[in-house]
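Have a look at the structure below before the remarks.
The values are calculated or read from the model by the stated rules, or taken from the named source; none is laboratory data. Since the model is a prediction, treat every value here as computed from it, not as a measurement. Here the Cβ positions follow ideal geometry from the backbone for every residue, glycine too, while neighbour counts run over all protein chains shown.
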Amino acid sequence: MKTLALLAFSLISSVFAADYMPIAGGTLRTALPTDGETVQVAAYRLRSKPVNHQDYLIFLKNNPQWQRGQIAPLFASAGYLANWQSAIDYSPNQAHVPVTQISWFAANAYCESEQAQLPTWSQWEFAAAADALRKDARNDPLWRAKILSWYAEPAIFPLSQSVQHAANIYGIYDMHQSIWEWVEDFNGLFVTTDSRSQGDQTILETCGAASLSLGDKENYAILMRIALLSALNGRDTVNTLGFRCAKPMQ
């Protein structure tokens, strides 16, 4: 019986298989402090939408060790999936809503189940720079203002379903409008201050000074994300923090 159940969930998973959109990569003018002003991003594929409740439920039923009440405390705080009705039952009408209250460890395990991994910050930032027509819209003050207007809106629960806005030029949805997202290297976005550093390349010890330390000060929405992620540890769960996955280009 157990084998048949797992087979059924595998079949369901294949029906709802995620779309991974190709991104050619290239040179990124990153908001992070670096030795130079740009970084090179290799070609990769990114999940077109954040992981939703339906996706995550399938994962939980195939991997019960990640269910609420079963997950080791080392891998998630007490807030893990706290808004679910039970360990394997989310609230009604949430199937296509991005799943949140997920720790980094749990998000990483989910991505591995799709033969993927969490995107690096550079991969996420590269895709997030695009709008519907341009690969890098960040120099457009109207585009920046539009994104900031989304960020200024208070979170409303339950969260909205994915795909409420147009995809960007790569076919990626909800990079800004929906939730915050984990990245693979979230805990490396800030390091200890080096007193020899100067100017905009100074790396500060506290995320509260992010807007003063990073290179792209006009892109405040991205700085907010960096500040949030750098303040977390891998066990943390946040009501508005979810994830999507990435794969190497094949």
* **Tabulated pairs, segment 157-175, first over 16 Å from Val97 (Cα atoms) and modelled with pLDDT of 90 or more, second in a loop (DSSP other than H, G, I, E, B) and of a type in the set (Phe, Trp, Tyr), C-beta under 8 angstrom, 6+ apart or interchain** => Ala167/Tyr173
* Structure fact -> Note on segment 99-114: residues within 13 Å of the chain's Cα centre (by Cα) and free of Cβ contacts under 8 Å to residues at least 24 places away in the same chain are none
* **Verdict on Gln70 being at positive phi, at pLDDT 95 or above and not β-branched (Val, Ile, Thr)** => no
* Structure fact -> The correct count of residues that are in a loop (DSSP other than H, G, I, E, B) and either free of Cβ contacts under 8 Å to residues at least 12 places away in the same chain or surrounded by 19 or more Cβ atoms within 10 Å (Cβ to Cβ) (or both) in segment 132-144 is 4
* Is it the case that segment 59-68 has a residue that's part of a loop (DSSP other than H, G, I, E, B) and among the hydrophobic types (A, V, I, L, M, F, W, C)? -> no
* Give segment 81-127 a look and list any residue that's touching a helix residue (DSSP H, G or I) at 6+ places or on another chain (Cβ under 7 Å) and not in a loop (DSSP other than H, G, I, E, B), or say none. => Trp104, Phe105, Ala106, Ala109, Tyr110, Ser113, Gln117, Glu125
* Within segment 41-92, track down each residue that is surrounded by fewer than 15 Cβ atoms within 10 Å (Cβ to Cβ) and either charged (D, E, K, R) or within 20 Å of the chain's Cα centre (by Cα) (or both). => Ala42, Ala43, Ala82, Asp89
* **The lone exception for Pro50 - which of (1) at pLDDT below 95; (2) closer than 27 Å to Tyr220 by Cα it fails** => (1)
* Quick one: is Ala145 among the small types (Gly, Ala, Ser) and at pLDDT 85 or above? -> yes
* Go through segment 58-71 and give me each residue that's under 18 Å from Val238 (Cα atoms) and out of contact with any helix residue (DSSP H, G or I) (no Cβ under 8 Å at 6 or more places or on another chain). => Arg68, Gly69
